[in-house]
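Following: one structure in structure tokens, then a few remarks.
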Amino acid sequence: MTEIAIKAEGLGKNYQLGLNAAYGSLREAVSEAGRRTVGRLVGRGEKPEIDVLWALKDVSFEIQQGEAIGLIGHNGAGKSTMLKLLSRIAEPSTGYAEVTGRVGSLLEVGTGFHPELTGRENVFLNGAILGMRRAEIRKRFDEIVEFANMERFLDTPVKRYSSGMQVRLAFAVAAHLEPEILLVDEVLAVGDAAFQRKSLTKMAEVARAGSTVIFVSHNLATIQALCERAILLERGSVVTDAPVEEAVTGYLRALERAASDDLETRTDRDGRAWEESKVKRLAVYDGDSDEADVVVGGRGAKIVIEVTEVVPMMECSLTILNSLGHPITTLDSELSSSADIRDSGSGPRIECRVDSLPLIPGRYRIDILLRGRQEIQDGLQAAAYFDVEPGVIDGRPMPSIGADGDVVLPHTWQLPA
Amino acid sequence: MSQQTAIKPTAEVELETPPPETIRLEATSGFGRVLAPRELWRFRDLAFQIAARDVTIRYRQTSFGAAWAILQPLAFMAVFTLIFGRFAGIESDGLPYWLFSLAALVPWMFFANAFLLSSESLVMNQALISKIYFPRIFIPAGVVAAGCVDFAISMLILLVIVLIDGIVPPIAILTLPLLIAIAVMTALGAGAGLSAINVRYRDVRYVVPFATQLWFFITPIVYANSALSEPLRTLSAINPMVGVIEGFRWAVLGNGSAPWDLIGVSFAAAAVLLFIGLSYFDRVERSFADLI
């Protein structure tokens, strides 16, 4: 079974910025056409300045049937564009890809749902959207309903479902999809942690059953668990196409290089076009010495974030990851405590304090997500790195570098004398 | 779950799984996406589900349901009969004005609704378009197909009304499928073409309602086409709805002689419109996901 499932050759995709971008008005197009015609008549057929952005450039690879491939890279490196091309949503600008077999995607919950339709009707609609044949859905209908455990609500419009029920039903349909090639963009499937977890299980299952899987995720731990091979993209090109460990190492190194850049000018960020605030600076200080980027385990630490603009309802979420890129913990201001302080006089500055840092010595990374007005304002991976020096926690020395695990808990022992 | 599988009859008919097919994805140019029959056939189940969805949601949670399909033309008929028939005294080819306008309003309402809704359909379905591949023509075509269900209902009621009134529809009623085909071609050609323009230029949203009103007045709905003098009368059928509506009056009410000249011109015009609409749709379809 070494047949090729996907073969890409010189694949590229560009987007035109400026003229004709997204919502150009008809008036502009008409006047532009007029201008060009006049230009041609007068003999100065100069082409208007068109800014072209290459989201993918000259990408070639082969994927065997049954392989599970991780697609990794910074935001904006071209991962999602690649999935769009492979799923035929968008057309490549250059090169080609040959895809053998039925392609299925796991989608954001509700993409294929219509709120006015009942659960039953939505199962058929969503199944068809995911690429299932009607006979196939009919055959598996009972299984799907049983899996979702909602026989009672089948004839209720989906708009009356709780979000949990919608997730269950959406997932039940997706779980019965049997594609030969499964494309998963974890970034697209966000919004519901339970759905994400289930998606991962489903993916592992599909991969085991011999299907080809292409998986896009920021979570290196899941990539490493599910994929043997990974492709690292940077600025639209393949940098590394290698066994997963090697590609992940390459990615971690690239992240660390990016972290040294000025945060405000980095382009690999999450966030929307209408963002109002950006992360300007993020630094970790030792709680006692105020020294930047080196902290001592067991002592206090503070993370200081400067943003460009204060936006109403600002929230901040920090994820701390270890040197392998595996997340250790997330600190989220939305899960508020009465000890939190909201100060209108503090300016565009956010501070997060940890009383006693329970991390063993080593190098750690911080990813940040900034929200405001209930929208994602900005997100940066590897916004900062910091080193933890060996320290003492609750009067007990910490394990040294190289010990298993990342955290240490304050604890006491009782032993025979 | 395992139990469930166990009690399943083993002799169940397996779905035929065609051998995996290799599809080459590359930059395409020219035509041949919309009218690729194999591609359309491959996605036929999705096409059916989209049309079924559009039919189902149409009157969900409305008290009158599908009765709206006939209430609308009836309401217009009442107003028109009063204003144009009674007060303005517009000539109605010797027919009672209410019948004269109702026979025109039934196909017109189908066309106007299908045109308006299909021109907005791609933008309304942008979540799907930016996440899933399928032949995009199914979106506007599904809306037009859903409109056909309404059309069938209102046509049935029109026939009942005509029978009650004592008119026995002539043999010409057999031309209805042709007339309906012209109306569908017109709605799909104009609707699909404008829905594609709408992806890039949202101006369409403002143009269509306004264009529909203008179109209403250049179509002989409140007046009779016979009011025009000759070269103009036939030429006016370049507007495909002229042939449809004059055809309806003749086929359902048995009025006057067969307007084959109008129907012929309108059929040709509808075919050209459909070709232009689908060609444009086809040409820009590949960039929908990038632009929407």
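The values are calculated or read from the model by the stated rules, or taken from the named source; none is laboratory data. Worth saying up front: this structure is predicted, and the values here are computed from it rather than measured. So basically every Cβ, Gly included, is an ideal-geometry build from the backbone, and we count neighbours across all protein chains shown.
Find the helices (runs of 4 or more DSSP H) located wholly in the range B:240-292 whose residues include 2 or more that are within 25 Å of B:ASN125 (Cβ to Cβ), and list them.
B:260-285, B:288-291
Checking A:GLY287 against (1) more than 24 Å from the chain's Cα centre (by Cα); (2) of a type outside the set (Lys, Arg); (3) over 20 Å from A:PRO390 (Cβ atoms), which single condition isn't satisfied?
(3)
Among the residues of the range A:326-335, is there at least one that is of a type in the set (A, V, I, L, M), farther than 21 Å from A:LYS278 by Cα, surrounded by 16 or more Cβ atoms within 10 Å (Cβ to Cβ) and modelled with pLDDT of 90 or more?
No, there is no match, as no residue in the range A:326-335 is of a type in the set (A, V, I, L, M), farther than 21 Å from A:LYS278 by Cα, surrounded by 16 or more Cβ atoms within 10 Å (Cβ to Cβ) and modelled with pLDDT of 90 or more.
From the residues in the range A:102-112 that are outside any loop (DSSP other than H, G, I, E, B) and at pLDDT below 85, which one is nearest to the other protein chains (Cβ to nearest Cβ)?
Checking each candidate, the answer is A:SER105.
For every residue, the table says whether it meets (1) within 15 Å of B:PRO107 (Cβ to Cβ); (2) surrounded by 15 or more Cβ atoms within 10 Å (Cβ to Cβ).
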residue	(1), (2)
B:GLY193	no, yes
B:TYR201	no, yes
B:ARG205	no, no
B:PHE210	no, no
B:THR219	yes, yes
B:TYR223	no, yes
B:ALA227	no, no
B:LEU232	no, no
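Checking the structure you have, find out if any residue of the range A:273-283 is among the hydroxyl-bearing types (Ser, Thr, Tyr) and in a helix (DSSP H, G or I).
no
Just need a number here: residues in the range A:130-169 that are within 13 Å of another protein chain (Cβ to nearest Cβ) and hydrophobic (A, V, I, L, M, F, W, C).
10
Looking only at residues that are facing chain B (nearest Cβ under 8 Å) and part of a loop (DSSP other than H, G, I, E, B) in the range A:113-129, which one is surrounded by the most Cβ atoms within 10 Å (Cβ to Cβ)?
Checked the range A:113-129; the qualifying residue surrounded by the most Cβ atoms within 10 Å (Cβ to Cβ) is A:LEU117.
Residues in the range A:69-101 that are in a loop (DSSP other than H, G, I, E, B), farther than 23 Å from B:VAL284 by Cβ and within 7 Å of another protein chain (Cβ to nearest Cβ): how many?
So the count comes out to 1.
Looking at B:ASP165 and the list (1) out of contact with any Leu (no Cβ under 9 Å at 6 or more places or on another chain); (2) modelled with pLDDT under 90, which single condition is not satisfied?
(1)
Are any residues in the range B:263-277 more than 10 Å from B:MET185 (Cα to Cα), surrounded by fewer than 21 Cβ atoms within 10 Å (Cβ to Cβ) and either in contact with a His (Cβ under 7 Å, 6 or more places away or on another chain) or not β-branched (Val, Ile, Thr) (or both), and if so, which ones?
Passing the criteria: B:GLY264, B:ALA268.
Check the range A:174-185 and report whether any residue there is away from chain B (no Cβ under 12 Å), in a helix (DSSP H, G or I) and at pLDDT below 85.
Yes, the range A:174-185 contains a residue that is away from chain B (no Cβ under 12 Å), in a helix (DSSP H, G or I) and at pLDDT below 85.
Go through (1) without any contact (Cβ under 8 Å) to a residue 60 or more places away in the chain; (2) within 10 Å of the chain's Cα centre (by Cα) for B:ALA145 and report which single condition fails.
(1)
Please enumerate the residues belonging to the range B:128-142 that are in contact with a helix residue (DSSP H, G or I) (Cβ under 6 Å, 6 or more places away or on another chain) and without any contact (Cβ under 8 Å) to a residue 12 or more places away in the chain.
B:ILE132
Residue-wise test of (1) within 13 Å of A:ARG120 (Cα to Cα); (2) of a type outside the set (D, E, K, R); (3) free of Cβ contacts under 8 Å to residues at least 40 places away in the same chain; (4) touching a Pro at 6+ places or on another chain (Cβ under 6 Å).
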{"site": "A:GLU143", "(1), (2), (3), (4)": "yes, no, yes, no"}
{"site": "A:ARG152", "(1), (2), (3), (4)": "yes, no, yes, no"}
{"site": "A:PRO157", "(1), (2), (3), (4)": "yes, yes, no, no"}
{"site": "A:HIS176", "(1), (2), (3), (4)": "no, yes, no, no"}
{"site": "A:PRO179", "(1), (2), (3), (4)": "no, yes, no, no"}
